[in-house]
1. Within region 619-647, which residues have the backbone N less than 14 Å from the label spot 7 Å out from residue 606 along Cα→beta-carbon, could you tell me?
2. Starting with the fewest neighbours, write out 651, 576, 150, 536 ranked by other beta-carbon atoms found within 10 Å of each beta-carbon.
3. Kirkwood Rh, region 530-654, all Cα pairs: how many Å?
4. For each of 422, 365, 592, 288, count neighbouring Cβ atoms within 10 Å of the residue's Cβ, then give the residues from fewest to most.
5. With contacts defined as alpha carbon pairs under 8 Å and 6 or more residues apart, what's the relative contact order of region 530-654 in percent?
6. Residue 55: which aspartates and glutamates have alpha carbons under 14 Å from its alpha carbon, excluding same-chain residues fewer than 8 sequence positions away?
7. Length gain on complete extension for the stretch residue 94 to residue 382, per 0.36 nm per residue less the alpha carbon to alpha carbon distance?
8. Roughly what would the spin-label model give for residue 645 and residue 250, points 7 Å off Cα along C-beta, in nm?
Amino acid sequence: MSQQIDHLLNEDRRFAPRPEFAENAVAGPGIYDAAKADRLGFWAEQSRELLHWHKPFTNVLDWTSPPFAKWFDDGQLNVAYNCLDRHVEAGNGDRVAIHFEGEPGDSRSITYAELTDEVKRVANVLQSFGVGQGDRVAIYLPMIPEAIASLLAVARLGAAHSVVFGGFSADSLRARIDDAGAKVVITADGGYRKGKPSALKPAVDQALSDRGEGEQATVEKVLVVKRTEQDVEWTEGRDVWWNDVVPDASADHEAEAFDAENPLFILYTSGTTGKPKGILHTSGGYLTQAAFTHRNVFDLHPESDVYWCTADIGWITGHSYVAYGPLANGATQVLYEGTPDFPNPGRWWDVIEKYGVTIFYTAPTAVRSFMKQGREIPQQRDLSSLRLLGSVGEPINPEAWMWFRDVIGGSVSPVVDTWWQTETGAIMISALPGVTETKPGSAQVAMPGISIDVVDEKGEAVGNDAGGLLVVTEPWPSMLRGIWGDPDRFVETYWKMFQDKGYYFAGDGARLDEDGDIWLLGRVDDVMNVSGHRLSTAEIESSLVAHEATAEAAVVGANDETTGQAVVAFVILKESFLKEHSAEGLANTLRTWVGEQIGPIARPRDVYIVGELPKTRSGKIMRRLLRDVAEGREVGDTQTLADTAVMSVISAQVR
Ligand code: WT7
């Protein structure tokens with residue numbers, strides 16, 4: 001950490017907005033003063049301007065029983081109507097909503113009028129399955145237009161969706177279906193990745209079977225999109241082909257108004273314990289901040305821009321900046337199904353050139369892997385349409401930031417580094433591209449209307465030129481409303497730490513520089529960030545221990561040049577297994593095992609078979625020391641270990 005801080009202090013490159021950019025920018029400097037003068041009035045005004053309220057609200061914020069907030073709670077709206085119908089009614093029905101690019105090279109462009117019709121059809125089908133307000137629908141789909149249509153159809157009915165990333169295994173899917181009590185699953189036969197059809201439906205079948213006595217799946221219907229034409233197993237009465245029912249369904253569907261605090265979705269994210277947390281977001285406040293940040297951070301001019309966010313719909317970025325933000329703002333966007341390097345390493349740049357993408361939002365891990373491949377690849381394409389670049393998911397190191405700006409952005413596109421979380425729902429910290437003088441590697445300043453600080457363990461502000469813990473000091477419109485089914489865990493996880501101050505603790509370390517700009521320093525808890533995806537050490541440890549060969553396991557996140565952090569596991573095997581198998585063979589078995597149990601992103605980069613783990617006298621594993629080993633450093637202070645010799649044994653074994 002100290003090395004990183006030194007490096008940050010040396011970063012003195014500055015990029016002021018170009019005058020021609022600033023002149024046409026959506027957000028001007030006055031926006032900060034407006035928000036500061038009357039924070040709640042500012043949000044009310046944004047909400048009225050950006051959204052259509054069927055029933056206008058009069059209350060802005062109800063914070064009478066913190067940390068349970070209500071925003072705009074006497075107002076009513078329909079989220080899907082805001083993302084679709086109203087654009088058609090305003091005469092923009094012919095505007096393209098989605099330029100879809102399939103990995104095999106198939107493509108189609110869908111207008112707002114067409115997407116509106118499609119969503120109405122899907123809503124009618126879901127309604128015929130009995131879905132309505134108060135229900136949950138699980139969505140397990142590849143990055144195809146039907147994924148976006150599914151989210152919106154569920155929202156249109158006032159039900160809540162729970163999207164499960166297509167890379168998660170049957171077990172993970174099942175845990176999420178059960179926790180949310182989903183009534184319907186929307187999936188596909190598969191999708192295309194790396195040139196091959198990947199299977200999704202078999203995982204759904206597996207997730208819904210294998211139940212023990214008395215255990216019943218809550219799922220009544222499975223709606224299956226045909227994408228790859230793979231053979232699938234079929235459960236009569238439960239499974240329905242999308243392609244059989246959606247095209248024939250009526251495209252008449254009245255959007256009913258729902259309360260601002262009606263649940264919109266649950267999205268599961270990793271925490272410091274093994275069980276994923278179902279983060280709950282609601283409607284009016286969430287959509288307000290998603291639309292506001294999308295418009296102002298990305299300087300969206302909906303009539304002329306072509307926007308592309310590369311995130312999968314299975315993550316929060318896909319929810320807020322592929323589905324809700326862009327559609328609420330009437331944007332034209334690109335949706336790409338596959339991997340960045342298929343069929344050639346320049347596929348993303350081909351997509352940008354083909355559609356004339358102007359705004360491009362991606363993750364540092366992707367930027368770093370392109371850096372490795374060399375600038376020749378993007379330089380063979382015409383990327384001159386780009387005028388703004390965004391980064392999200394983990395700290396972007398100044399080198400990657402500069403490469404992004406120079407090589408992809410032609411040395412003119414501003415780069416905005418956006419900090420936020422599944423829990424915050426929308427961007428909280430970012431430069432505004434027409435206002436802020438940017439600094440490579442810094443996320444910079446709180447959004448207008450958002451109150452952020454860096455504090456010490458007692459909650460006292462550390463002030464400029466100092467490091468500490470990142471907190472949000474005032475409630476914000478798109479804040480999580482809770483953890484599904486577990487209000488105590490919600491309070492405990494996010495609000496306990498600074499209870500008397502009423503601050504939200506984000507779990508990140510941060511530093512304020514001498515100007516008060518924010519530099520994120522990574523997680524301070526036992527959570528890793530691999531390629532911009534949050535994984536918990538506890539979750540992977542419990543998967544490892546669930547294997548019959550494992551006696552004990554400890555997992556840490558180690559710095560990785562490409563993925564930010566990588567999963568590194570230290571495992572003690574049962575002696576009986578070591579007698580019969582090689583340590584190397586077992587390490588590989590365990591890597592595969594975790595990949596199957598949780599999903600490929602959780603698969604450890606390294607599994608070290610060791611004889612002991614470093615523990616304190618109270619039995620707590622000291623991950624800090626294991627991280628030293630995993631990152632090839634001198635092992636730090638071992639004084640508090642129950643057995644101080646353990647670390648030299650481990651270091652020797654790993655070497
Ligand atoms: C964690 C949230 C927000 C969508 C993607 C991840 C890290 C996120 C940044 C950034 C430094 C960042 C934080 C945060 N993070 N954006 N711009 N700079 N760190 O969402 O899975 O909920 O993870 O990602 O550690 O707490 P998530």
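1. 625-635
2. Ranked by crowding around the Cβ, least crowded first: 576, 651, 536, 150.
3. Numbers: mean 1/r = 0.0681 Å⁻¹.
Across region 530-654, the inverse of the average 1/r is 14.7 Å.
4. 592, 422, 365, 288
5. That works out to 22 percent.
6. Once the sequence-local aspartates and glutamates are set aside, what remains near residue 55 is 73, 74, 256, 259, 261.
7. Working: separation 288, 0.36 × 288 = 103.68 nm, distance 2.71 nm.
That pair, residue 94 and residue 382, stretches by 101.0 nm at full extension.
8. Those two pseudo-labels are separated by 8.0 nm.
Computed from the coordinates by the stated procedures, all read-outs in this text should not be read as laboratory data. What you are looking at is a predicted structure, and each value in this text was computed from that prediction instead of being measured. Here the Cβ is made from the backbone with ideal geometry for all residues, glycine too, and neighbour counts use every protein chain on show.
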